[in-house]
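Heads up: the structure comes next, in structure tokens.
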Amino acid sequence: MTVIVVLAEPPRPGLVLPDLAETSPLTETEAAAFYTAMLKDICTAVKRSGGELLVNYRTDDDIPDEFVTDTPSEAAVRTVVTDALGGTDEVRFEPQVGSTFSARAGNTVTHLLDEEAEHSVAVVRPNVPQLGRTHIDSAAMKLRSSPVVLGPSTEGRTFFSGFRDPIDFTDAYDEPEVETLAAKADDAELGVDYMPMLPVVETGADLATLVPILRSRVESERVVPEHTTTFVFEEGLRVESNEGVLELVRD
């Protein structure tokens with residue numbers, strides 16, 4: 001069984017998806033609500049898969065003071081997961097440890113592989129709403145024969161990074177992530193396999209890529225991420241052509 005580590009932050013305005021709020025019609029509060037929807041969808045996908053869900057939350061000590069509230073970070077994240085799954089009895093929660101994303105991801109992956117003898121571990125962030133059960137199970141199958149499996153996204157980013165053996169995680173997620181991770185795997189003499197590309201959402205341009213896909217899939221009655229799609233329709237988000245330029249707008 002592959003442990004799927006979801007590196008999550010408490011969905012507080014300004015803390016999560018700050019670039020999305022700056023480059024789209026969404027406010028900081030709405031961007032936080034969108035992050036919440038995506039976090040619910042990724043946790044749901046993992047629970048429906050053959051993987052084991054581990055939510056790796058960012059602690060209040062590791063969050064800038066202006067984003068610390070009376071509600072502890074762990075409690076805020078647990079509330080979102082509970083809303084998505086109806087409970088957290090079968091969900092493992094662990095605090096993130098490390099000063100950078102590379103360090104936090106690397107510490108968790110290395111601990112699970114070396115100290116807990118897990119067969120394989122994958123890192124995902126709650127910004128890839130189209131990542132579904134079949135994608136996760138397919139990646140787990142690839143990890144049976146390949147030591148590293150990467151899910152590439154646009155602009156050299158990744159939405160999934162799975163490991164059967166540790167790599168040197170120092171700056172492993174430096175941009176472009178997919179190239180840096182592959183180079184780290186090569187340095188460790190580990191083979192790499194890939195998943196089909198999926199869009200991640202961090203900016204307004206990313207959201208403009210996702211929205212027509214979701215609307216198209218709804219029109220054709222195909223499976224969609226429930227919470228993210230509901231947000232898109234309730235907020236009236238769509239992409240329209242303005243003098244030949246595609247723009248993200250609201251109804």
In percent, how large is the relative contact order of the chain, given Cα pairs closer than 8 Å and 6 or more residues apart?
22 percent
Could you tally the net charge around ARG58, taking each other residue with its Cβ under 15 Å from the Cβ of ARG58, Lys/Arg +1 and Asp/Glu -1?
-4
Taking amide hydrogens as modeled 1.01 Å from N in the peptide plane, which residues meet the under 5 Å criterion relative to PHE159, leaving out close sequence neighbours?
GLY151, SER153
Express as a percent, rounded to the nearest 5, the fraction of DSSP beta bridges in the range 2-196 (both residues included) that run antiparallel.
30 percent
In whole Hz and in residue order, list the ³J(HN,Hα) couplings for the range 151-163 that follow from phi through the Karplus curve 6.51 cos²θ - 1.76 cosθ + 1.60, θ = phi - 60°; x for Gly and Pro.
x, x, 10, 5, 6, x, 7, 10, 10, 7, 9, x, 9
Could you pull out the trypsin sites (Lys or Arg not before Pro) across the range 134-196 that fall in loop regions by DSSP (anything but H, G, I, E, B) with no more than 12 other Cβ atoms inside 10 Å?
ARG144
First select every other residue whose beta carbon is under 15 angstrom from the beta carbon of PRO147; then total the charges, Lys and Arg +1, Asp and Glu -1.
-4
Determine the percent antiparallel among the DSSP beta bridges restricted to the range 143-216, to the nearest 5.
60 percent
Work out from phi, with θ = phi - 60° and the Karplus expression 6.51 cos²θ - 1.76 cosθ + 1.60, the ³J(HN,Hα) of each residue of the range 220-230, listed in order in whole Hz, and give x for Gly and Pro.
9, 6, 9, 5, 9, x, 4, 6, 5, 5, 4
HN-Hα J in Hz across the range 108-121 - Karplus 6.51, -1.76, 1.60, θ = phi - 60°, x for Gly and Pro:
5, 4, 5, 4, 5, 6, 8, 8, 10, 6, 5, 5, 7, 9
Qualifying lysines (Cα of each under 24 Å from Cα of LYS142; at least 8 residues distant if same chain)
LYS47, LYS184
For ALA33, net neighbour charge (Lys/Arg +1, Asp/Glu -1) across residues whose Cβ lies under 12 Å away
-2
Whats the longest run of the chain with zero GluC sites (Glu not before Pro) that are DSSP loop and have at most 14 other Cβ atoms within 10 Å?
1-89
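Any read-out appearing in this document is the output of simple, stated calculations on the displayed coordinates, not a laboratory observation. The structure presented is a predicted model; accordingly, all values stated were derived computationally and were not measured. Neighbour counts are summed over all protein chains in view; Cβ atoms, including those assigned to glycine, are modelled from backbone coordinates with ideal geometry.
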